[in-house]
Structures are given as structure tokens and as C-alpha cells.
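As C-alpha cells, the structure follows; a few thoughts come after it.
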Amino acid sequence: MTRKFNFSAGPAMLPTPVIERALAEMLDWNGSGMSVMEMSHRGKEYMSIAARAEKDLREVMAIPDNYKVLFLQGGASAQFAMIPLNLLGDKGSADYINTGMWSKKAIAEAKRYCTVNIAADTSGDGFTSVPTQAELKLNPAAAYVHYTPNETIGGVEFDYIPETGDVPLVADMSSTILSRPLDVSKFGMIYAGAQKNIGPAGLTIVIIRDDLLGKASAICPTMFNYAVHAENDSMYNTPATYSWYMAGLVFEWLKEQGGLQGMAEINKRKADKLYAAIDAGDFYGSPVARNARSWMNVPFTLADAELDVAFLQGASERGLVTLKGHRSVGGMRASIYNAMPEEGVDALVAFMQEFAQSYS
Ligand SMILES: *Cc1c(COP(=O)(O)O)cnc(C)c1O
């Protein structure tokens with residue numbers, strides 16, 4: 001068996017030890033005589049799996065006690081509607097920072113429910129930068145400020161956490177959660193679809209400060225109401241049981257890697273190596289401003305786009321797959337989440353150097 005180095009933006013690689021553990025427990029979880037997939041979510045075995053996952057996530061992220069952790073479905077995309085439906089309260093507007101494709105989708109959805117004030121917009125430079133704090137035009141009367149700390153498609157990442165005073169900060173962390181330590185207390189709410197850096201698709205994690213619960217609008221569907229999920233420990237209905245279990249295995253794995261501090265060191269090294277290879281000459285290029293370069297999603301172009309096909313072909317022959325860039329950006333994109341081993345980045349860098357030499 002050979003596992004490829006899969007640079008997919010999502011669903012993405014999972015750590016091999018996690019998959020091996022799942023395989024070992026597949027038919028008979030812990031002497032229960034059944035697979036986790038076959039368990040009642042209300043049974044004591046599954047309840048212990050679910051509780052353990054939450055406990056480990058709280059530990060890994062150092063989530064303060066006044067935050068609820070919800071294990072939901074519907075992807076980050078469902079959150080685009082759930083956020084205004086739950087957080088507007090008696091306010092009629094919210095601030096949104098527009099830094100790329102995912103911000104835009106969040107904004108389009110929010111506009112169905114409230115007045116959206118665009119606090120900053122980097123479309124002018126093709127979404128290749130992040131606005132500075134001074135550039136944010138924040139409305140002190142806004143219900144919340146929404147932003148996308150890491151734009152998965154553009155490969156643009158904030159190098160700071162926006163300061164929003166008393167207005168709760170809401171972050172779509174789908175592609176950057178768990179990549180490094182984070183001060184959760186700076187946020188009103190953090191959310192992430194699982195399939196990038198948490199586990200398999202089908203699960204969405206929401207970390208929300210207590211005082212933001214219970215303000216859902218009258219038209220908010222029950223299934224979209226955070227307070228309902230919080231009161232029911234995310235078991236108001238059947239949760240994505242197997243994805244939740246797998247996420248729990250990933251959290252255990254993270255603890256073995258030295259937690260988020262350990263991950264941050266590895267992730268920084270991986271990103272530095274890849275950007276160094278891109279910057280090494282004129283053969284490759286990155287469209288993203290240096291201070292805004294993502295640690296997780298690294299888009300790059302070949303100066304001669306005619307060579308794209310040969311590059312992808314050569315990479316694939318070396319087991320380096322899913323490197324084609326998003327259709328809106330072109331070129332290549334290497335997503336290097338926690339589960340991408342450093343050897344995968346080393347192999348990509350070695351191939352990039354070899355390819356550049358043979359075509360220069
Ligand atoms: C992938 C992604 C989404 C969409 O996630 P779904 O789970 O497919 O709804 C939203 N925001 C960001 C930043 C993403 O990377």
C-alpha cells in the first residue's frame with residue numbers, strides 16, 4: 001500500500017495513524033461488538049466517544065468554560081445563514097470583511113437577513129492581501145463582525161486578529177482552525193467545516209460564547225438555532241456520529257504531536273519551505289502579498305502556464321496529487337494542512353526544483 005501526498009483543499013488528508021486506528025476499531029469498537037457507525041447516539045458507548053472528543057478539543061484549543069462547543073452538520077455554508085439568524089438580536093446590521101470567495105458567500109447569505117456593512121474589501125487587488133486594522137471601517141452598532149481568517153481559495157491569511165471592541169468577532173476558520181495556538185477569548189464565535197483540518201466531511205464545529213446564545217430570530221428554524229443544539233449537547237437530532245468520532249481521533253493525535261504549539265512549529269516550517277521554493281527564481285510565483293501568505297493553502301503559478309499540464313503530470317507520477325489550482329485562480333494550489341507530513345512538502349519542493357531545472 002502506498003499513500004499519496006494529497007494536496008487537496010478539502011476533503012483533505014487525514015493523519016495515517018488516525019485512519020489506522022479507525023481501521024482497527026472498525027468492526028468492534030472497544031469490545032462493544034459493533035462499529036461506531038452502528039451505535040445509537042444516545043447509548044453510553046457513543047456518548048463517551050462524543051464527550052471525549054469535546055473534552056480533547058477544549059484541551060487542545062484551551063477553550064474557556066464560558067464557550068459552548070457544538071458538533072453540527074450543514075458545513076460552513078449553513079453557518080452563513082445561521083450566524084445572522086442567531087446573532088442579529090434586535091440589531092439590523094452586521095459588519096463583514098470581504099477578502100475572497102468564502103467571505104463573498106457569507107456576505108451574500110447575510111444580505112438576506114440584514115444590512116451588511118462591508119468593513120473592508122480587497123477585491124481591488126484580486127483578493128491577494130488583507131486589510132490592516134486601520135483600514136477596517138467598523139460600525140460600533142453592528143451586531144457582529146464577520147471575517148474569514150484564511151481564504152482557502154486565494155491562499156490569503158490574516159496575520160492579526162481584528163480588534164472589534166464590544167462587537168463580537170465571528171470567524172470562519174474552516175481552513176485554519178487547529179493550525180496553531182489561538183486566543184479563543186478574542187472571538188464571539190468560531191466555526192469550521194471539518195473536512196479541511198478536523199476530520200471527515202459531514203461535521204461542522206461551532207465554538208460560541210455563552211452570552212450570544214438565546215437571541216435567535218423568530219423565523220430561525222429549530223435545526224438552525226444554536227441554543228437548541230447547546231441545550232441538547234449537539235444531540236437534538238442524530239449528529240454525524242462517525243465524523244464526530246473521527247474528529248475525536250484527530251484531537252487525540254494532535255495531543256500526541258505536542259498540541260497546537262507543536263503543530264505550529266511544523267506548519268510554519270512546511271510553509272516556509274514551500275514559499276522559499278516558489279520565491280527561489282522567476283520560474284514560479286505567488287500572487288499573494290507576503291504578510292498575507294497562508295500557512296495552509298499555498299497557490300502558486302508557473303511563469304509559463306503552458307507548462308501547467310506537464311507539471312501536474314510529473315507531480316502525479318511522484319505521488320503528489322490534487323495540485324491543480326482553483327478554477328478562479330488558475331495555476332497550482334498546495335493545501336498543506338496538519339495531516340500533510342513534512343516529507344510531503346519536501347517531496348513537492350524537490351519536484352519543483354527538478355521541474356524548473358529541466359524546463360529552464
Ligand atoms: C471549505 C470552506 C467553506 C465551505 O465549507 P462547506 O463545509 O463545504 O460548507 C467555507 N469557508 C471556508 C473558509 C472554507 O474553506
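What follows draws every value from the coordinates through simple rules; no lab data is involved. Small disclaimer: the values here were computed from a predicted structure and weren't measured. Neighbour counts run over all protein chains shown; Cβ positions are idealised from the backbone, glycine included.
Overview of values
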quantity: Gained length - LEU23 relative to ALA218, 0.36 nm times residue gap less alpha-carbon distance; calculated: 65.7 nm
quantity: Packing-based exposure ordering (other Cβ within 10 Å, fewest first) of HIS41, HIS146; calculated: HIS41, HIS146
quantity: Linear extension gain, THR115 paired with VAL321, 0.36 nm per residue minus alpha-carbon span; calculated: 69.9 nm
quantity: Reachable lysines from LYS270, criterion Cα separation under 22 angstrom, eight or more residues apart if same chain; calculated: LYS4, LYS196, LYS255, LYS324
quantity: Under Karplus coefficients 6.51, -1.76 and 1.60, residue-wise ³J(HN,Hα) of region 163-168 in Hz, glycine/proline x; calculated: 8, 10, x, 8, 7, x
quantity: Using a Förster distance of 41 Å, the FRET efficiency for LYS55-LYS91 (Cβ separation, nearest 0.05); calculated: 0.75
quantity: Interatomic Cα distance distribution for region 259-359, bins of 5 angstrom, percent; calculated: 2, 12, 26, 27, 19, 9, 3, 1, 0
quantity: Whole-angstrom Cα spans of the chain along principal axes, big to small; calculated: 62, 57, 30
quantity: Sequence of LEU320, LEU169, LEU27 once ranked by neighbouring C-beta atoms within 10 Å, starting from the fewest; calculated: LEU27, LEU169, LEU320
quantity: Normalised contact order of region 259-359, rounded percent, pairs of Cα under 8 Å and 6 or more residues apart; calculated: 30
quantity: Cross-link reach list, lysines versus LYS91, counting only Cα pairs under 19 Å and skipping chain neighbours closer than eight places; calculated: LYS111, LYS137, LYS215
quantity: Straight-distance crosslink candidates among aspartates and glutamates, where the alpha carbon sits under 20 Å from LYS268 and sequence neighbours closer than 8 are dropped; calculated: GLU151, GLU157, ASP159, ASP183, GLU256, ASP279, GLU342, GLU343, ASP346
quantity: The chain: relative contact order in percent, alpha carbon pairs under 8 Å with at least 6 residues between; calculated: 23
quantity: Residue-averaged [θ]222 nm for the chain, counting only DSSP H segments that reach four residues, each worth -39500 (n - 2.57); calculated: -10500 deg cm²/dmol
quantity: ³J(HN,Hα), Karplus 6.51/-1.76/1.60, whole Hz, each residue of region 29-38, x for Gly, Pro; calculated: 6, 6, x, 7, x, 8, 6, 4, 5, 9
quantity: Calculated from backbone phi, Karplus (6.51, -1.76, 1.60) coupling profile of region 217-228 in Hz, x at Gly/Pro; calculated: 6, 4, 8, 5, x, 3, 5, 9, 8, 4, 4, 4
